[in-house]
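Q: Right, I'll just put the structure down here and ask away after.
The values are calculated or read from the model by the stated rules, or taken from the named source; none is laboratory data. No experiment lies behind these values; they were computed from the predicted model shown. Ideal geometry is used to build each Cβ from the backbone, glycine not excepted, and the neighbour counts take in all protein chains shown.
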Amino acid sequence: MTTAAPGLTSGLAERAVHAARAHRAADPDGFRRRHDNPDRWNRWARRARVARTIAAALQVGVDGVLVTDDPHRQYRTRTGPVPGDLITVTDPVTGRAWRFIPDFTTPGDGWLLLDRCPDCENEVPVTRVATLADLGEYLDPDGDSPIADEARDESIHQPGCAFGLPTLGG
Ligand SMILES: [Zn+2]
């Protein structure tokens, strides 16, 4: 998603071709293989809905959202493990990328923002986000955003990190 998207005054065909090229460049494997089998097409279509939902929640264009395989997280299903969703929202104004993973306590409606651990610098889920205001509360120095329990999982931090806590029963 490097070149600027054609504006809404461009025809649908031009915007569609741009969208295909941008997706092919950003996630070549995921885009090329989306028709491989029904499971892949289902995942592709489901991720399109995820992109629409988070774009609406954060009040950004859906073309700034990319949902790809999460290289670090898999989920068990009846048919075996599947890669999780890694959601990248690119701010068209600053170019900054914000990354999210699904929040399974609010499926389809909320996400966990990934950010650097202040101690070990690993990228960890830090806070729950369902609206633009949730993100703002986390970013606002005067805000009071609770840190998600998921942030404390020792296994996602470097050994000895002060923020990691042993998981229950682990
Ligand atoms: Zn850490």
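Q: If you scan the range 50-81, which residues turn out to be touching a residue at least 12 places away in the same chain (Cβ under 8 Å) and among the polar types (S, T, N, Q)?
A: If the condition is that a residue be touching a residue at least 12 places away in the same chain (Cβ under 8 Å) and among the polar types (S, T, N, Q), then Thr53, Gln59, Thr68, Thr79 are the ones that fit.
Q: Can I ask one more? Out of everything in the range 16-34 that is surrounded by fewer than 17 Cβ atoms within 10 Å (Cβ to Cβ) and among the small types (Gly, Ala, Ser), what residue ends up being nearest to Val62 (Cα to Cα)?
A: Only one residue tops the list, namely Ala19.
Q: Considering only residues that are assigned to a helix (DSSP H, G or I) and free of Cβ contacts under 8 Å to residues at least 24 places away in the same chain, which ones fall in the range 30-48?
A: Residues of the range 30-48 assigned to a helix (DSSP H, G or I): 30-32, 38-48.
Phe31, Arg32, Pro38, Arg40, Trp41, Asn42, Trp44, Ala45, Arg46, Ala48 - these are the residues of the range 30-48 that are assigned to a helix (DSSP H, G or I) and free of Cβ contacts under 8 Å to residues at least 24 places away in the same chain.
Q: Could you tell me which numbered condition Pro81 fails, if it satisfies all but one of (1) in contact with a strand residue (DSSP E or B) (Cβ under 6 Å, 6 or more places away or on another chain); (2) surrounded by 13 or more Cβ atoms within 10 Å (Cβ to Cβ)?
A: Pro81 satisfies every listed condition except (2).
Q: For the range 129-155, give me each residue that is closer than 15 Å to Asp115 by Cα and touching a residue at least 60 places away in the same chain (Cβ under 8 Å).
A: Val129, Leu135, listed by residue number.
Q: Do we have any residue at all in the range 130-145 that's at pLDDT below 95, closer than 19 Å to Ala26 by Cβ and surrounded by 12 or more Cβ atoms within 10 Å (Cβ to Cβ)?
A: Looking through the range 130-145, none of the residues is at pLDDT below 95, closer than 19 Å to Ala26 by Cβ and surrounded by 12 or more Cβ atoms within 10 Å (Cβ to Cβ).
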